[in-house]
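Undergrad: Pasting a structure here, questions to come.
The values are calculated or read from the model by the stated rules, or taken from the named source; none is laboratory data. Here the structure is a predicted model, which means the values were calculated and not measured. Positions of Cβ are backbone-derived with ideal geometry, glycine not excepted, and every protein chain shown enters the neighbour counts. Ligands, DNA and RNA are excluded from the accessible area calculation, which covers all protein heavy atoms including side chains. Shrake-Rupley method; radii C 1.70, N 1.55, O 1.52, S 1.80 Å.
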Amino acid sequence: MATYNKRGYKAPKPEVEKEEVEIDQQVEETTFEGHSTTADVFNSLDEGASKTEEWVQKNQKFIYIVLGAVALVTIGYLLVDKFVVTPKEEEAANEMFQAEQYLTQALNAQKSQDSLFNLALNGGEGKYGFLKIIDEYSGTDAANLAEYFVGTAYLNTGKYKEAVAHLDTFKTEDPALKASATGAMGDAFVQLGGNDNLAKGLQYYLDAAKVSDNEVFTPRFLFKAGQLAESLNKKEDALKYYTEIKDKYSTSAEGMLIDAYIAKVD
């Protein structure tokens, strides 16, 4: 059946259109008389930017001073590194070469070792010894390495307290050097004697063995730890250290003979 619209009849607007009209009216009301929220935000930003510009203008001299100081420090560091630190490192290394030769000869010599160790420590043939290197080139890698060499020389000449002091000062991240220096500290404390020093020596041996899983240093210092523990009547600990050598480092020099030591404490 056909449907006729009555004259003057208007269909109601859909709800969506009503909502759009209401939103439009709200927007108009919001922007009426210049009270736009967006405009307020931009006005705030403009005011903030103006204040920042004013602050920069007022403190321009201070800012330039700070930036200049930072630049000078950076440039200064680069210049010092290039013209002071690097040449000083090279000079120290060259100066120490002769002392290293004396130390090597002393460690390999069968006789007159003390005189060679003395030359290594105090110098000869117009070259500095390790002690002078430490004084003259403090802060260099050469001076740090000289601490290790001095400790080694003192350890071999019976000056155990001095050896401990220098070996403790030496710092390195190299696993082999670190293990060697730590183990040497253990040797020095053992030579000093006394229960406290022997306990320290044992701990240094164990620390040296743990520096890295090294086929040379680990079994060497585990073996020293085992011998020391055995002398302190700590047979269970000694057995543990010897057994670790047998299980993990059987092909090492210590591993070849370890069965006999295990038999003693088992």
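Undergrad: Going through Leu222, Leu228, Leu257, Leu239 one at a time, which residue ends up being under 19 Å from Leu177 (Cα atoms), of a type in the set (A, V, I, L, M, F, W, C) and in a helix (DSSP H, G or I)?
TA: Testing whether each residue is under 19 Å from Leu177 (Cα atoms), of a type in the set (A, V, I, L, M, F, W, C) and in a helix (DSSP H, G or I) leaves just Leu222.
Undergrad: Within the bounds of the stretch 208-216, is there any residue that is modelled with pLDDT of 95 or more, crowded, with 16+ Cβ neighbours inside 10 Å and assigned to a helix (DSSP H, G or I)?
TA: Yes, some residue in the stretch 208-216 is modelled with pLDDT of 95 or more, crowded, with 16+ Cβ neighbours inside 10 Å and assigned to a helix (DSSP H, G or I).
Undergrad: Kindly list the number of the only condition in (1) surrounded by 19 or more Cβ atoms within 10 Å (Cβ to Cβ); (2) modelled with pLDDT of 95 or more; (3) under 24 Å from Ser115 (Cα atoms) that fails for Ala143.
TA: (2)
Undergrad: While we're on this one: Out of the residues in the stretch 174-197 meeting the condition of being of a type in the set (Gly, Ala, Ser) and outside any helix (DSSP H, G or I), tell me which one is surrounded by the most Cβ atoms within 10 Å (Cβ to Cβ).
TA: Filtering first and then ranking leaves Gly193.
Undergrad: What's the number of the condition Leu119 fails, among (1) crowded, with 16+ Cβ neighbours inside 10 Å; (2) in contact (Cβ under 8 Å) with a residue 40 or more places away in the chain?
TA: Of the numbered conditions (1) crowded, with 16+ Cβ neighbours inside 10 Å; (2) in contact (Cβ under 8 Å) with a residue 40 or more places away in the chain, the odd one out for Leu119 is (2).
Undergrad: Turning to a different aspect of this structure: Looking at Lys171, Lys200, can you tell me which residue is of a type outside the set (Gly, Ala, Ser), under 29 Å from Phe97 (Cα atoms) and surrounded by fewer than 20 Cβ atoms within 10 Å (Cβ to Cβ)?
TA: Every option except Lys171 fails the conditions.
Undergrad: Follow-up question, since we're still on this one. So which residues in the stretch 217-255 are among the β-branched types (Val, Ile, Thr) and open to solvent by 60 Å² or more (accessible area, probe 1.4 Å)?
TA: Step one: filter the stretch 217-255 for residues among the β-branched types (Val, Ile, Thr), giving 218, 243, 245, 251.
Matches in the stretch 217-255: Thr251 only.
Undergrad: Oh, and also: Out of the residues in the stretch 123-157 meeting the condition of being of a type in the set (S, T, N, Q) and outside any loop (DSSP other than H, G, I, E, B), tell me which one is farthest from Gly183 (Cα to Cα).
TA: Step by step, filter the stretch 123-157, then rank; the result is Asn144.
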